Amino acid sequence: MNEQLIHTYLSGHATPGEQRELLEWLRESEENKRLFFEMKAVWSGLQTMDKLAESDRMESSLRMLNEKIDRRAAHMIKPTVSKSSFTISGKWMLMVAAVILLILLPLTWILREGSTSDITQLYVTNRSNLVKVLYLPDGTKVWLNKNTSLIYPEKFSTKQREVILDGEAFFDVTKDKKHPFVVKTSSFNIKVLGTTFNVHSYKEDIQVSAVLESGVIQLQSAQGDALVTMHPGQQALYKPDTQELEVSYVAVNEHTSWRYNLVTLNNVTIHEVVKSLEENYQIKIQTDSVTLRDHRYNFTYDKGDSAEESVRMLQYVTGLNCKITKR
């Protein structure tokens, strides 16, 4: 992908043909989308800086991102395996499989619906700081955010496809008009046929939310009463205790980029950015931000990157001197 094309698009000067070319590239892979979001984050953050310093910081930031792209591309090259390479015996494969099983068992528990049912329920939880991706029996793809759990059947019933969520997840639901897909949470339910959407509903949340990327979904109360039918680009904010419901149009990417392990912060202070980095990496950051305390920033970073890389990106965007003082 020509990086200049992305720059042209972000500056608002891309022609319809260039926009189509970029869209086709984004559809090719999840990795392309991730890289685009990172370049967009660099661009957005630098818009808050004065024009004199902008070109130098943009050049440094993009150089850093290009180095990352080169490293990832190098990892994607498959090494040549010679005939003299070692082979794994059946015994060793069984031992490896046993070790993997022991690692995965704490994350996935097998439950039973009850003595009257033979349907096995699977319980998956993500305690990691990184996003966990899984596929449901019908092919639906689910991204689980940190501290999120999902219960789903080993095989969906003949009536509808039901899952139970506690936390935040993004769903890309396989279309099946005869078998509606239902996401149940402690605060509300979502009923769909085939669509992509984000749900944020932890048990302790006073306010929960749903953001629709494509298709149509119906928001329901925990009791199954219809609340609202949502359309692409809409976000629903719901307070189950008071039954307050607010629906508005939002920038969907800002609410869904987390599934690429990205943390997106919009219109925030330097203090909020530092706090987010400290919490995600379990570090302390020392910076002289008094002169910029009233400035607002758009900042995105990849949780898969090291703390040093993310802090360095913060320095490029803000011009501040930052130092990691404690781990």
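Brief remarks follow.
- Scanning region 236-249 for residues that are among the β-branched types (Val, Ile, Thr) and under 30 Å from residue 37 (Cβ atoms) returns a single hit, 247.
Every residue, every condition in (1) surrounded by 19 or more Cβ atoms within 10 Å (Cβ to Cβ); (2) closer than 30 Å to residue 160 by Cβ; (3) within 23 Å of the chain's Cα centre (by Cα); (4) not basic (Lys, Arg), yes or no:
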{"site": "237", "(1), (2), (3), (4)": "no, yes, yes, yes"}
{"site": "258", "(1), (2), (3), (4)": "yes, yes, yes, yes"}
{"site": "268", "(1), (2), (3), (4)": "no, no, yes, yes"}
{"site": "292", "(1), (2), (3), (4)": "no, no, no, yes"}
{"site": "305", "(1), (2), (3), (4)": "no, no, yes, yes"}
{"site": "315", "(1), (2), (3), (4)": "no, no, no, yes"}
{"site": "319", "(1), (2), (3), (4)": "no, no, no, yes"}
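- Check on residue 298, in contact (Cβ under 8 Å) with a residue 12 or more places away in the chain, in contact with a helix residue (DSSP H, G or I) (Cβ under 7 Å, 6 or more places away or on another chain), within 17 Å of residue 319 (Cβ to Cβ) and assigned to a strand (DSSP E or B): yes
- From 213, 254, 204, 279, residue being among the acidic types (Asp, Glu), outside any strand (DSSP E or B) and surrounded by 14 or more Cβ atoms within 10 Å (Cβ to Cβ): 254
- Residues that are among the β-branched types (Val, Ile, Thr) and out of contact with any Leu (no Cβ under 6 Å at 6 or more places or on another chain) within region 295-314 comprise just one, 311.
- From 252, 317, residue being at pLDDT 90 or above, of a type outside the set (S, T, N, Q) and under 25 Å from residue 36 (Cα atoms): 252
- Subset of region 178-195 that is assigned to a loop (DSSP other than H, G, I, E, B) and more than 21 Å from the chain's Cα centre (by Cα) - its residue that is surrounded by the most Cβ atoms within 10 Å (Cβ to Cβ): 187
- Against the conditions (1) assigned by TED's automatic domain parsing to the domain that holds residue 170; (2) of a type outside the set (D, E, K, R); (3) under 23 Å from residue 133 (Cβ atoms), residue 300 satisfies every one except (1).
- Residue in region 162-173 that is of a type in the set (Phe, Trp, Tyr), in contact (Cβ under 8 Å) with a residue 24 or more places away in the chain, under 29 Å from residue 127 (Cα atoms) and touching a Gly at 6+ places or on another chain (Cβ under 6 Å) present: no
Per-residue answers, yes or no, for (1) outside the structural domain of residue 189 (by TED's automatic domain parsing); (2) touching a residue at least 12 places away in the same chain (Cβ under 8 Å); (3) loosely packed, with under 13 Cβ neighbours inside 10 Å:
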residue: 220; (1), (2), (3): no, yes, no
residue: 224; (1), (2), (3): no, yes, yes
residue: 233; (1), (2), (3): no, yes, no
residue: 240; (1), (2), (3): no, yes, no
residue: 244; (1), (2), (3): no, no, yes
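- Listed by first and then second residue, the pairs linking a residue in region 313-327 that is outside the structural domain of residue 279 (by TED's automatic domain parsing) and within 15 Å of residue 276 (Cα to Cα) to a residue that is at pLDDT 85 or above and surrounded by 20 or more Cβ atoms within 10 Å (Cβ to Cβ), with Cβ atoms under 8 Å apart and 6 or more places separating them unless they lie on different chains, form an empty list.
- Among the conditions (1) more than 28 Å from residue 36 (Cα to Cα); (2) surrounded by fewer than 18 Cβ atoms within 10 Å (Cβ to Cβ); (3) touching a residue at least 12 places away in the same chain (Cβ under 8 Å); (4) in the same structural domain as residue 170 (by TED's automatic domain parsing), residue 284 misses just one, which is (4).
Each row is one residue, and each column tells you yes or no for (1) in a strand (DSSP E or B); (2) at pLDDT 95 or above.
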{"residue": "115", "(1), (2)": "no, no"}
{"residue": "123", "(1), (2)": "yes, no"}
{"residue": "130", "(1), (2)": "no, no"}
{"residue": "150", "(1), (2)": "yes, yes"}
{"residue": "157", "(1), (2)": "no, no"}
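- If the condition is being assigned to a strand (DSSP E or B), closer than 17 Å to residue 39 by Cα and not β-branched (Val, Ile, Thr), then region 257-276 contributes 262, 265, 266.
The values are calculated or read from the model by the stated rules, or taken from the named source; none is laboratory data. These figures come from a predicted structure and were not determined experimentally. Cβ: placed from backbone, ideal geometry, glycine included. Neighbour counts: every protein chain shown.
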